[in-house]
Amino acid sequence: MGYPIWDLAIGGSLLMALVAIPHVIVSHFAIGGGLLIAVTETLAVKRGDRELRGLAKRSSLVLILVSTVFGVISGVGIWVVAGLVSPGAISTLIHTYVWGWAIEWVFFVVEIVAALIYYATWNTISKRAHLLVGWIYFVGAYLSLVIINGIITFMLTPGRWLETGAFWDGFFNPTYWPSLVLRTGICLMMATAFMVFPAMRTAAAHRDRLVRYLGWWMVAGALVSYAGYRWWEAVLPDSVQGLFRGAAPALATLAATRHFALWALTAALVVAAVILLARPRLARPATAAVLALAAFAFFGGYERLREGARKPFLIHSHTFSNGLQVADIAAVNERGVLATAGWGARAAAADPAVTGREVFRAQCAACHTLDGYQSIRKALPSVADVLAVAADDPPGSGARAFRARCAACHAGVSFDDMRGVLPSANEVRGDPGMIRDLNQGMITATLVKLRGMGAAYAAADRTRMIDTSALPSPYMPPFVGTEPELGALSAHLGSLADDRQPRVAMRGGE
Amino acid sequence: MHADLIPALDAAGLPGPPWLFHVLLVVTFFLHLLFMNLTLGGTLLAAIAHFRAGGRSDDPRGALAGRLMAINGYGISLTITTGVAPLLFIQVLYQQYFYTATILIAGVWLAFLLLLTLGYYSAYLYKFRGAPARGRGGGLWLAASAVMFLLMAMVNVAVHLLHAQPERWADFASGAACVLLDPTYLPRLLHFVLAGIGAAALLATWWAVRRARAGVEVELNAKIAGFAWRWVLWTTVVQVVDGVLLLLLLPRPVLSAFMRGGAATMVPLTLAILLGVGLLVMIARVASPLASPGIVSGTLAAMVLTIAVMSITRHQARALYLEPSTTLYQHVVAPQWFNFALWVVLLVLGLATVGSMVRRVLSSPATGADAA
């Protein structure tokens, strides 16, 4: 938490998604494409099939232009963004897994060199030598997945690493193998989705055959993905599953994402089976686009689910999404969050009035922007909100306002209960300051509740994955810091909620 | 020194002794520099040659531009690939300085990705749609690519200077652009740019001489070698002056720490200076590179050696810049020797695979129906 905070209007998590999602799509295509192209060329050589050869060759151009350029750059981009928005967490990951990444780099070098040679040597070297290069490319690419999968899955399910701190205990964690199967299926789907486009450019007499050939790959990829997904879901701890499964999932948006992902996978499977396999003649560029969209939607949905299911952690049960480590809660509570965040402390020392803002930046800005993604201002009650509930004019509008603005934080409280404790609309209009005080009280009470979670985390057995489901906000990090810091944060948030105050800039905390 | 602004060391500790990561950082950065010189210097030289040729590939300078960018299609990939390793190791050794520096100029650091993407695809556009493919034109793409890579060099130098001077972070926080006013900024940037152009020109000369002596397009290759060799000469002349200037502009404590460091710091520094001057002498002696292929090859080898030694000196300079801060703590070391050994084994196997693949490719030429 000692790093300066980068104020980003769209929020760090959204930026990471913007860089990471295209990267994972392209990188999985690069791996699956390696297999499909190598197999396709092998079949082409064995059968003397010129069309299959043409498909492999055309696809290899896409492979090099998309994978070795965009894939490589966006891969570096993930590190760049992670270093900017979550430096503490990426540092912990790198210190734990530097040799894993170094090993992945070796495979990456083999993969890139082979890809460049493969593309450049069509028509210039023997068939056997070219096939060899293609297969070396695939093996290098797949082995890089074998490595990075261990690090990615570690973040969600660190397994015995929490107890031993040992590299391999974290690497071969509970979701390692299911995720590898799932990602293998996704690789096939991504590659097939891309390769349908060059297949459509084949001469009409051979097009159906090639489309059907790719259909088998897509169906296989979808089935392997589904098997891997269900296995992945099954090995997740109940507390994590509870976030997005069951009759009352803790995070409704994640549950919706899960449905979306599985329906997208179903759509990909149906399109592949019905059109690519059964009626390849019906295949059109639009079909390929739908197939690609469905495959991307499933993959994107799964990635969103995986990231969301990790909440409130970056490394489950070890590091929260704001960089705070579970082990440091007691110390930070005693010394204060600004004592460990020198940049914030410096600003606060220069102007004590900004202490609350600096505490917000250190504790909350990793997930919340002021007015953009996960806007903190929108999450806070305003005078207008209270007025809308209290006035209920026209009748029914108050209940809607209550459901939209209050119900999420006041589970178990009905609209009528709320109206019972609120002053009347005229009283609110006459003395808005009273509502500000009320808001301030609610904000402080919420922060006190979040601070209480810190005690629960600090007392938890950190050698096992912590079950957050019983906590009041199972997907939020606790508030840590001293009493004066809590008060300063509450005052800062209160000032944000007051619509009559001049709005601060879009850039978080400024 | 605002020690409170320097984030704490990572509690996870180093997964190996610090010296190991210092060595790996220097070695992998050296590898990265070899390809980076081609990407940055090669693209700049290609742009110069292209415009001097009036955008025509039938001019020897245009042909040189085509050659350089043909290599760069692959060279840029390898620059990024080899850049990943030092990026990894710097995060192990200097994470608290590196991350802070990048956050201080976050927007610019993020723009680095955009510049790289634009520079890379522009290079491909020139290769596939510009002079190499069509015989003329494409200068805009080439210029765009060169500008992008030059801007990336500027960003990298800024990050380097920022991360090495935590005592100035408090000033930078109020406007990180003032890193451009650091007296060493421009000489440092120029040092990289000149080295890049010189190295790319030298490689182009070496290749042209080799081809000419093999009897391939003798006249064309002789002209390319002559043009490129002049760039080797003049960039090296300016480089030696710039290098001395950079040395003199280093902060006094850093310069004296170099002197106090004894053989460990003075041997690489002296060697680097001697190699620089030696390169200049070797280059100046040759009027026609075609007539002195031995000296051209020797110069190429000496330049690679100079880059290796300069990589060490640059790393030592960083360590000396950071000394007031790094002496305040000691790394906790939790070595993972098995994993390191596994990495070494896989690295050897990986490089052997690449080597045997390249040999196999070179020994399997085929045409017509026999070809892939």
Of (1) among the small types (Gly, Ala, Ser); (2) at pLDDT below 95; (3) assigned to a helix (DSSP H, G or I), B:Ala228 satisfies all except one. Which?
-> (2)
Checking A:Ile90 against (1) out of contact with any Phe, Trp or Tyr (no Cβ under 8 Å at 6 or more places or on another chain); (2) within 9 Å of another protein chain (Cβ to nearest Cβ); (3) open to solvent by 10 Å² or more (accessible area, probe 1.4 Å), the condition it does not meet | (1)
In segment B:66-91, the residues that are facing chain A (nearest Cβ under 7 Å), open to solvent by less than 10 Å² (accessible area, probe 1.4 Å) and more than 22 Å from A:Trp6 (Cβ to Cβ) | B:Ser77, B:Thr81, B:Ala85
How many of the residues making up segment A:112-134 are assigned to a helix (DSSP H, G or I), touching a residue at least 40 places away in the same chain (Cβ under 8 Å) and open to solvent by less than 30 Å² (accessible area, probe 1.4 Å)?
-> 7
How many of the residues in segment A:157-197 are of a type in the set (A, V, I, L, M), in a helix (DSSP H, G or I) and surrounded by fewer than 22 Cβ atoms within 10 Å (Cβ to Cβ)?
-> 2
Sole miss for A:Ala289 among (1) touching a residue at least 24 places away in the same chain (Cβ under 8 Å); (2) farther than 17 Å from A:Gly185 by Cβ; (3) assigned to a helix (DSSP H, G or I) is condition (1)
Does A:Thr42 qualify as being of a type outside the set (Phe, Trp, Tyr), assigned to a helix (DSSP H, G or I), surrounded by fewer than 19 Cβ atoms within 10 Å (Cβ to Cβ) and in the same structural domain as A:Leu156 (by TED's automatic domain parsing)?
-> yes
Which of (1) in contact with a Cys (Cβ under 8 Å, 6 or more places away or on another chain); (2) in contact (Cβ under 8 Å) with a residue 40 or more places away in the chain; (3) farther than 15 Å from A:His492 by Cα; (4) not aliphatic (A, V, I, L, M) does A:Trp343 not meet, given it meets every other one?
-> (1)
The residue from A:Val113, A:Val109 that alone is within 13 Å of A:Ile64 (Cα to Cα), within 7 Å of another protein chain (Cβ to nearest Cβ) and either touching a helix residue (DSSP H, G or I) at 6+ places or on another chain (Cβ under 8 Å) or at pLDDT 95 or above (or both) is A:Val113
What about A:Val80, is it in the same structural domain as A:Ala199 (by TED's automatic domain parsing), assigned to a helix (DSSP H, G or I) and surrounded by 23 or more Cβ atoms within 10 Å (Cβ to Cβ)?
-> no
Scan segment A:379-389 and give yes if some residue there is within 21 Å of A:Ala445 (Cβ to Cβ) and surrounded by 22 or more Cβ atoms within 10 Å (Cβ to Cβ), otherwise no.
-> yes
Within segment A:16-32, can one find any residue that is closer than 16 Å to A:Trp122 by Cβ, buried (at least 21 other Cβ atoms within 10 Å of the Cβ) and hydrophobic (A, V, I, L, M, F, W, C)?
-> no
If we keep just the residues of segment B:92-116 that are in contact with a Phe, Trp or Tyr (Cβ under 7 Å, 6 or more places away or on another chain) and at the interface with another protein chain (Cβ under 7 Å from one of its Cβ atoms), which is most open to solvent (accessible area, probe 1.4 Å)?
-> B:Leu104
Report yes if A:Thr444 is modelled with pLDDT of 80 or more, touching a Leu at 6+ places or on another chain (Cβ under 9 Å) and outside any helix (DSSP H, G or I), otherwise no.
-> no
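The values are calculated or read from the model by the stated rules, or taken from the named source; none is laboratory data. Since this is a predicted model, take the numbers as computed values, not measurements. FYI the Cβ positions are ideal-geometry reconstructions off the backbone, even for glycines, and counts take in every protein chain you see. The protein model used for the area step is the full one, side chains on, heavy atoms only, and it has no ligands, DNA or RNA in it. Shrake-Rupley method; radii C 1.70, N 1.55, O 1.52, S 1.80 Å.
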